[in-house]
Each structure stands twice: as C-alpha cells, then as structure tokens.
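Asker: Below: one structure in structure tokens.
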Amino acid sequence: MGWLALLLLWLAAWGLTFAGFRRGRLATPWHRDVAALGLLALATLGFFWRVVAGQNWMPADGGDLVSFLFPTYRFAAATLRDGAWPLWNPFLYAGAPHAADIQAGILYPPNLLLFLLWPEFPYSALQGLSIGHIWFAGAGMYLLLARGLRVRRAAALAGALAFMFSDAFIVHFGNLNFNAVASWLPWIFWAYLAGLEAGNWKLAAGSWKLETGSWKRKWQSAIRNLQSAIRNLQSAILSGALLAIATLAGHIQATLFIVLALAVYSALWLWLHRDDFPPVTVSPRHRVTVSVRLLVYLSTCLLVTFLLSAPILLPAFQLTGYTARAAWNYTQTTGYSLAPAQWIGWLIPGFFGRGPQFHWGAWPRVEAGYLGILPLILAGLALALRRNQRTWAWAGLAGTGFILALGIYAIPHGWLTLLPGFGQLRAPARLVLVADFALAALAALGLDAALEPLADRARAAFEKVWRLVAYTTGAVLAVGVPLAYLALLLTQDRDPAIVLRVSITLLAVITFAGLLLASLLWLTARRGGWAKPQTLGWLAAGLILLDVASLGAYQDLGDRDPSRSFDQAKIAAFLQAQPAGPFRIDTRTGIEREWQPDTALLYSLEDVGGLVNPLTLADATRYWDGLESRSSQLYDLLNVRYVIAKKDVTLDWDKFVLAFDGDPKVNVYLNRRALPRAFVVGQAQGVADHEAAWAAIHAPGFDPASLAVIEGAAPAGGGRGAVAEIRSAPGRVTVAATTDGPALLVVSQMWYPGWQVWVDGRPQGAPLRVDYAFQGVPLPTGTHEIELRFAPSLWRWGWVLAGVAAAGLLAALVISANLQDWRFPIQ
C-alpha cells in the first residue's frame, strides 16, 4: 500500500506540473524533472527488488540497522508515545543520555514522523527508510545537475545513478543515519551554488567604482550591492537550513564531511576565479573584499546550521566531553582507512570480495568508492572536453576527498584531524562520499560535453580518450583475464579458502573486462555517430544502472529477518514479573550470538551493558572495566539482580543461584547480594577529585552499603534510614525514604550533568557525585519524597536558539523580499 500511495503521489505531481506548463502557469517544464525523479524511483525499486518484495533482508545480519538503530528508534518512539522526550535512557549502560547521543536522531523529520505514526514499527520500516534516502540522494543529485549545473537530463540522470548507487551508499545501507545525512549533500550544494555561481560576486567587486559619480549612482551602486548580498545570503540561509535538517539525522561525521566539501569547493572556486574581475578592480584590496564576502557567505550557511540544529548539537557537544572518544589519539581516528591496495576497488570492486561474506585481505572492509566504469571514463572526458573553472573545481573536490579518505596512508588526513571535531572521528575511508559526489558531477559534465557537437580540438581530445580506453580494454582482455584464469588453475590443489578467493577475483576481473568493453562500445558509437546524442545519453544512463546494480544489488543479502534475534519473550516475561522495585540485568557475559546487546530497550529492561558505542560515558566504561569480578561489592552497587549467561557459565555459586532455565541457550541467575536502586547510608567520605574517588572505592574493605565516597566536602551524616518505595522511568526517579538523622541517599544511576533533585517538592540543585560514577542526595531527619529529574539546560537553550533563529530568518526573508522590489526614487 505504501508503494502504491507513492506512485499515485508521483502521478499527481506529474499531472499538476504538466498541466501548469501547458497552460502557461509554469515557465519551466518541471513535469520532465518529475518524470525523471520517477525514473530514479523505478531504478531504486529495481535495484532493491528482492528487499522490496520481501524475499530478502539487508544487510544479511542486520548490521547497525538492526543491532543499534532498530532498538534505539523503538525506544524513542515508545517514550514519545508516552508523552515525554527521550532525553535519558535508563535501559542501557546503567543509565545514559539519549537525545545527546546524536546518533539517536530523535528530531530528524522522517524519524519523528515514523515514531509518532507507527511507534511499534517493524525492522522492514528501517529498510524502507534506507531505500528512500538512497532515492532522495539520487533525486537531489539529478536536480543539482539538471537545474544547478544545467546539463541535459540524460546526463543528469547518469550522474544521479552513479552517485546514489555508489559505494558510499551501498556499503552503508545498514548505517541509516550516515546515509540519511549524506543524501542531503547534493541538495545542500544545489542551494549553496545558486548563490555562489549566480554571478553576483563579480558585480559586487566591480561596482565600487561607481562611488566616484553622483549621489544617485552611489545609491544605485549601494542598492545593487545590497540586493546582491541578499540574494547570495538567501542561498546561504537555505543551504544552512538544509544542512541543519541533515544534521538532525544523527551522524556528525557525515555532517562534517559536507561542511568540508563546502569549504573546499568555496576555496577552489575563489582560486579559480581570482582573475575574473574587471581590470579596474584587480588589486589585492578588492580580492580581499571578495574573499571576505565568500567567507561571510560560507559562515552564514554554517551559522544557520548550528542555530537550527542547536537542540541536538549543544547536548551532543557536552556529551562528547564525557565519553572515551574525547581522549582518542590519531591512531584511533585512522581505523578503517582506504589502503592503497584497495584502490583497485575503484575499477574492480569485487577483487577482494565486495560483500562481508566473501571479503578477504589484510585490510578491513571499507568503501572503496566504486561508482561504475563508464562514470570514471566520462569524468575523464569532462577534463578533456571542458577544461573550464567549473570542471577543475569538481576535479579538485574529488581529489581532495580521495586523498583524505586514505587516512593514515596520506599525511593530509593528519592535518585534517587538527580541525575541531575531526580528531574524534574514525573511518577516514568514508570520505569517498565526497570523492564519489564530485566524480558523479564530473561524469554528468563529461557526458553532456560528449553529446554536444565536437569541434576539431574537442574531437582530438575525444579521440585520445577513446584510444586510451581501447588500449586498456585490449590489455585487460589479452593479459588480465588470462592471468586470472591461470591463477585459478594453479591454485586447484590449495586450501579451499584460497580457491574461493581466487574464484571471486576471477569473476570480478571478467566483469570488469565486460563493463570496460561495453563502455568502449559506447564511446565508439559516439565516435562514429551511430546514434543520435539523445539516444546515446539514455544508453549511457542505462549502462551505468546495469553496472552499479549488477555489482551492488545482491551484496550482503540474507533470507531471515535479523530482528528476530531480539525474540527473547520467555526471559523477558520472567524478568518483568519480578517484584520489589527496579533492578538491572547483566548480559555482558559473552552471549552476543544468543542475546542482542540492546535487547533490553525493546522489553523495557534495565541492563548494565549494551552494544559497543564510542559515545558511552567514559566513567561507566572505566567503572565496569575496573571491577575485579562479579563477586565484588562494587558489582552489587550496580543494582544487578539477574545475570543472563550460557548454561555452562562459571559464577560465584555462593552468591548466584539459578533463577530461570526455560530458554534453550541461556539461563538467568539471581544475584542474592545485589544492592537496591536507592539506599540510605549514614557515613560519607569526602575526597578531593575524581581520581581520589576512584582510589577510595578500590581501597581494601570499602563497602558501598555503609560508606559513600563524595567528590568534595562530605555532608553531615550519622543517621540511619530506609527506603520505602522506588519508582523509575526514563528521565525520572522517585524515592520515598525515612531517616533518623542526617544521611545520604545513594542512587545507583550514572552521574551526568542535567540531573536535578527535588526533596519534598523543593528544588535542591544537582545531585552529588557519589562512589565515582553514581548520584547522591543529602537528606535531613524525617520522611521525604525525593525526585530526580533529567532536565538538561543545554536542551532548553538549544530550543531557544533554534526558535529565535527561525523567527529571525523568517523576518529577514520577508524584509529582503520587499527590499528586492525597491527602486531608486529619482529616475
């Protein structure tokens, strides 16, 4: 039904735009672009037909899409359904910020719509989002090329197909938030280039000479400059707003890649146009003026992005400082670099096995950047046939993306990590996104140039490209393919794994030879004028689709719904039936194959563990790693009442007993010494700093049930008390306690800025930092109702900034619209 609704929507859009054009209400034939977007949708459905038809699942094992995003999104949807923002996640890592983890993507419009309309969505819905964003990337690329760069529609379709089905998207199908952010890249560039390449920079630099004339001419010059600036800033504001939406999707690395691409392209544009201004203004002062204006343009875009996405960015910046990622060194950031040996993936993506099931080699599997054989040839044609500033700018952007993707294998990536944010990101190979984007644009420019009538010089350049491709094809067929067959024959007596690898490489080489031959035939057809340019354009787009779809569509497919790995209904029912207040479970027992690490999110169970996440609180990670064993009292402080482990696990059987064995693979064991979620202690020890607290809780004889370690001055103590009731919910803990003297309430929940305490309805400020990683509340004598609420101020300030920015931008756009209609009163 969903696909049928989209089809009807597309038909309605085409009909309306066609009717508007025929009746003269639309000056631009937008119906042709709507038809092209429909063709891209059909190509997307054809590419993923096995997933759309329900025959297969992608990725085969679910990847991050099932292990991380599916439970994370379901938790957010359930919390929103209950009428609260998912600011705090009590179900993993003994409590952790949720909205501040930018990967959660809770404010991204498509996610938010899914959460509100379908809170219990299945895994297939996330597959649909991944597929939809790949189409969205292609749609933006088409419009950038057809409307922004003004290439013919067939060339725009060819570039869009190469980009949307490139390695950058297909390898990351399971990394939905990365693909979601990346899909906005061409849309952002479309808006950004509308102001950058509109010609207003040249007018502004040269028009200052009018100041020596009459007052009328001075005013006219000033108004023209102001109108030019407004038009440019409108494009900057729009691109910034689009980048803000993309940022909300939740992958800061992809966002920074887009920022980097904008900055690099702007610098290249400025350099390539350095001599384009009228002679009267060619001076260092006026060049600086244009440079400053360009810097203002880019800064406006980035400022709008920051302000509109502040509700997520501000908490995310704060969280980063409390995670292990804040202390990363350069070696950690270069994990998953694009090794030189993997460059062959640009031509033969299956040389080392493209999918994870058949990958081999001494290097981790990364995206090599493959976007088709013909697109690379067409990119070369762009450099041969259109040696203008635009072509060189895109070529420079492609080269920059490729060099930085090399990571540790090229020093420029090290310099990049000196910039804010980039030093805390790993997987440099993902920068092939930028290279693929620029190469796809070059391919469209090259195809557009090749389909034009060729002058003598252009024909000679085309002939050189044709000969290069012809010689390369001949060499591959005469040498490469026979050598691949020979390698297979010579390894028949080797280990079967070696034979399999050689067989995979042989298939990849033969496929490369076939695609290279097909590309040569297309070039020959253009060289000999065998068909009309329009026909050749559509043939090129078809060949690109055949290439990328044949090599990418069937990679990493599975025949079983990976979300079924979360089916733990029996154990969940047993745990949910247990009385006596909130408690945690411990699944960090090596049962990842039997129990998905984030299963607790789907059953509202509270776990001390979770999927490995670099944005986990560093104190929580260190606390766990510092436990001597599960026999430790520090382990009991985590409020772990049940341990889920394999049936042959070895535990301290004086402390743990079997509680449930109704699952065929794992058992549930009861920790008889677990401390409650909140309890009262009468004695507190103050320490100077965080490291002193760490030393104190690891001192011999430390008992968290009777002594609390507090960072700073210890409050008055000596009293005793009891907890009568504990209630826990996302972002809120309520405790009823009675003491016979001053005491301290210890709450087994990770300490983090943003928690606030109310005692008997009166605010008491932030909780104390107790026992290195937990929370504490001083209590006077008597019976009290204590409430802890997670209400981070940066979340509120983010909304204030976003609201003020949105209102200000709307007002500025209204004023600028009126200003652009203004005319000088004296004619």
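Asker: Find all pairs meeting these conditions: Cβ atoms under 6 angstrom apart; at least six residues apart or on different chains; first residue within segment 447-462 and over 16 Å from Trp530 (Cβ atoms); second residue part of a loop (DSSP other than H, G, I, E, B) and open to solvent by 20 Å² or more (accessible area, probe 1.4 Å).
Answerer: Listed pairs, sorted by first residue: Asp448/Arg152; Ala449/Arg386.
Asker: With Gly345, Gly335, Gly361, Gly369 as the choices, which residue is open to solvent by less than 10 Å² (accessible area, probe 1.4 Å), at pLDDT below 95 and either outside any helix (DSSP H, G or I) or touching a His at 6+ places or on another chain (Cβ under 7 Å) (or both)?
Answerer: It is Gly369.
Asker: Still on this structure, I have one more. Kindly list, by first and then second residue, each pair from a residue in segment 150-176 that is closer than 28 Å to Asp61 by Cβ to a residue that is of a type in the set (Asp, Glu) and modelled with pLDDT of 95 or more, limited to pairs with Cβ atoms under 6 Å and residues at least 6 apart or on different chains.
Answerer: Cβ pairs passing all conditions: Ser166/Asp436; Ala168/Asp436.
Asker: Just to be sure before I move on: is Leu40 of a type in the set (A, V, I, L, M) and within 26 Å of Gly159 (Cα to Cα) in the structure I sent?
Answerer: Judged against the criteria, Leu40 is a match.
Asker: Right, something else. Looking at Tyr409, Tyr370, can you tell me which residue is under 21 Å from the mean Cα position of the chain (by Cα) and among the hydroxyl-bearing types (Ser, Thr, Tyr)?
Answerer: Tyr370
Asker: Answer yes if at least one residue in segment 161-179 is surrounded by fewer than 22 Cβ atoms within 10 Å (Cβ to Cβ), over 17 Å from Ala241 (Cα atoms) and either within 18 Å of the chain's Cα centre (by Cα) or not small (Gly, Ala, Ser) (or both), and no otherwise.
Answerer: No: segment 161-179 contains no residue that is surrounded by fewer than 22 Cβ atoms within 10 Å (Cβ to Cβ), over 17 Å from Ala241 (Cα atoms) and either within 18 Å of the chain's Cα centre (by Cα) or not small (Gly, Ala, Ser) (or both).
The rows are residues; the columns are (1) aromatic (Phe, Trp, Tyr); (2) in contact with a helix residue (DSSP H, G or I) (Cβ under 9 Å, 6 or more places away or on another chain); (3) open to solvent by 50 Å² or more (accessible area, probe 1.4 Å); (4) touching a residue at least 60 places away in the same chain (Cβ under 8 Å).
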| position | (1), (2), (3), (4) |
| --- | --- |
| Leu374 | no, yes, no, yes |
| Ala384 | no, yes, no, yes |
| Trp392 | yes, yes, yes, yes |
| Ile408 | no, yes, yes, yes |
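Asker: Being more than 16 Å from Val608 (Cα to Cα) and open to solvent by 10 Å² or more (accessible area, probe 1.4 Å) is the filter; apply it to segment 80-99 and report the residue that is nearest to the chain's Cα centre (by Cα).
Answerer: Selected residue: Leu87.
Asker: Moving on. Please list, ordered by residue number, the helices (runs of 4 or more DSSP H) wholly in segment 478-580 having 2 or more residues that are in contact with a Pro (Cβ under 9 Å, 6 or more places away or on another chain) and either modelled with pLDDT under 90 or of a type outside the set (Ser, Thr, Tyr) (or both).
Answerer: Helices (runs of 4 or more DSSP H) meeting the threshold: 496-528, 533-552.
Asker: Within segment 532-552, which residues are within 32 Å of the chain's Cα centre (by Cα) and open to solvent by less than 10 Å² (accessible area, probe 1.4 Å)?
Answerer: Across segment 532-552, the qualifying residues are Ala540, Ala541, Ile544, Asp547, Val548, Gly552.
Asker: While we're on this one: Within segment 519-541, can you find the residues that are in contact with a Leu (Cβ under 7 Å, 6 or more places away or on another chain) and either under 18 Å from Leu347 (Cβ atoms) or in contact (Cβ under 8 Å) with a residue 40 or more places away in the chain (or both)?
Answerer: Of everything in segment 519-541, those that are in contact with a Leu (Cβ under 7 Å, 6 or more places away or on another chain) and either under 18 Å from Leu347 (Cβ atoms) or in contact (Cβ under 8 Å) with a residue 40 or more places away in the chain (or both) turn out to be Ser519, Trp522, Arg526, Pro533, Leu536, Gly537, Ala540, Ala541.
Asker: While we're here: Of all residues in segment 724-765, count the ones that are open to solvent by 50 Å² or more (accessible area, probe 1.4 Å) and either within 21 Å of Pro704 (Cα to Cα) or among the hydroxyl-bearing types (Ser, Thr, Tyr) (or both).
Answerer: Of the residues in segment 724-765, 6 are open to solvent by 50 Å² or more (accessible area, probe 1.4 Å) and either within 21 Å of Pro704 (Cα to Cα) or among the hydroxyl-bearing types (Ser, Thr, Tyr) (or both).
Asker: Those residues that are among the β-branched types (Val, Ile, Thr), open to solvent by 40 Å² or more (accessible area, probe 1.4 Å) and part of a helix (DSSP H, G or I), I need them from segment 7-46; list them, please.
Answerer: Residues satisfying the conditions do not exist here.
Asker: Residues being among the polar types (S, T, N, Q), in a loop (DSSP other than H, G, I, E, B) and in contact with a Phe, Trp or Tyr (Cβ under 7 Å, 6 or more places away or on another chain): count how many of those fall in segment 585-641.
Answerer: Residues in segment 585-641 being among the polar types (S, T, N, Q), in a loop (DSSP other than H, G, I, E, B) and in contact with a Phe, Trp or Tyr (Cβ under 7 Å, 6 or more places away or on another chain): 5 in total.
Asker: A further question follows. Could you go through segment 48-61 and let me know if any residue there is touching a strand residue (DSSP E or B) at 6+ places or on another chain (Cβ under 6 Å), modelled with pLDDT of 85 or more and either outside any helix (DSSP H, G or I) or more than 24 Å from Ile544 (Cβ to Cβ) (or both).
Answerer: Yes, segment 48-61 has at least one match.
Asker: Here is a further query. Within segment 459-486, which residues are open to solvent by less than 80 Å² (accessible area, probe 1.4 Å), within 15 Å of Thr505 (Cα to Cα) and not hydrophobic (A, V, I, L, M, F, W, C)?
Answerer: Gly480, Pro482, listed by residue number.
Asker: Picking from Asp636, Asp652, which residue would you name as being of a type outside the set (A, V, I, L, M, F, W, C) and either open to solvent by 20 Å² or more (accessible area, probe 1.4 Å) or more than 21 Å from Ala674 (Cα to Cα) (or both)?
Answerer: Asp652
Asker: Now for a different question. Against the condition more than 21 Å from the chain's Cα centre (by Cα) and modelled with pLDDT of 95 or more, how does Ala158 come out, does it pass?
Answerer: In short, yes.
The values are calculated or read from the model by the stated rules, or taken from the named source; none is laboratory data. Small disclaimer: the values here were computed from a predicted structure and weren't measured. Glycine also receives a Cβ, built like all others from the backbone with ideal geometry; neighbour counts cover every protein chain displayed. What goes into the accessible areas is simple: the full protein's heavy atoms, side chains included, and nothing from ligands, DNA or RNA. Shrake-Rupley method; radii C 1.70, N 1.55, O 1.52, S 1.80 Å.
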